[in-house]
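Structure first, then comments.
The values are calculated or read from the model by the stated rules, or taken from the named source; none is laboratory data. None of these values were measured; they are calculated from a predicted model. Glycine gets a Cβ as well: all are built from the backbone with ideal geometry, and neighbour counts include every protein chain shown. For the accessible areas, the whole protein counts, side chains as well, though only heavy atoms, and no ligand, DNA or RNA atoms are used. Shrake-Rupley method; radii C 1.70, N 1.55, O 1.52, S 1.80 Å.
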Amino acid sequence: MTTSLRTATPADADRLAALAAVTFPLACPPGSDPAAVAEHIRTQLSPERFVAWTASADHALLVAESPGSPDGAATAAGADRSDGAGDLVGYALLVRGVPDDADIVAVVGDEPTVELSKIYVHPSSQGTGVASDLMRAALDAAPALVPNRAVWLGTNGENARAQAFYRKHGFAFAGTRTYVVGGEAHDDVVMVRPLD
């Protein structure tokens with residue numbers, strides 16, 4: 001079964017929100033308050049947010065889609081599909097902007113830059129190469145948002161697996177920041193991938 005990558009559309013919003021509800025908690029550190037995580041998902045990863053990102057010139061939202069099953073049954077992505085269309089198994093979000101967080105400015109400066117804000121793959125598709133395909137597509141898309149600038153990201157300081165994945169794709173530790181999830185502060189590392 002092959003997975004295809006494409007730019008997300010507003011029609012993907014409900015499925016993206018459902019995928020985010022599965023994948024975001026897995027990236028949170030052990031001991032995270034489940035209520036805070038649920039609040040973050042409700043407010044920051046809603047279908048409305050995904051629709052807005054598809055329409056924004058300051059964002060690039062990419063999805064990984066598996067083929068629909070022949071009988072139209074739901075696949076491992078957990079989406080309730082009955083039309084035989086593919087299921088979303090991963091997504092990546094790039095954001096163009098000028099950092100307003102002092103910790104980020106200290107690392108990447110105060111010029112327009114590209115943040116790899118999100119990259120998540122459904123647990124059933126982890127280890128299949130989908131995440132690496134999404135990463136390559138995101139890095140290919142970044143220069144269209146801001147040419148000739150390094151790409152940066154933040155990830156939880158306790159998420160060693162994610163950090164290893166990012167290092168594999170050329171990112172290196174560059175600093176730290178505080179990231180708030182549903183009112184709960186977490187310690188993130190900031191990683192930067194220099195220009196090729």
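Things to note:
- What a 1.4 Å probe finds exposed on the chain is 53% carbon and sulfur by accessible area, rounded to a whole percent.
- Cα-based shape type of segment 99-179, given that a ≥ b ≥ c are square roots of the gyration tensor eigenvalues and the cut on a/c is 1.5: oblate
- Residue-normalised accessible area of the chain, expressed per residue, 1.4 Å probe, Å²: 48
- Under the criterion of Cα pairs below 8 Å and six or more residues apart, the relative contact order for segment 87-196 equals 26 percent.
- VAL151 long-range amide H proximity, modeled H, under 5 Å: ARG193
- Positive-pole candidate from GLY170, LEU145, LEU62, dipole of the chain, charges at beta carbon: GLY170
- Crossing angle, helix 130-145 versus the chain [Cα axis fit, 0-90 degrees, rounded to tens]: 60
- Summarising the strand pairing of the chain, around 95 percent of its internal DSSP beta bridges are antiparallel.
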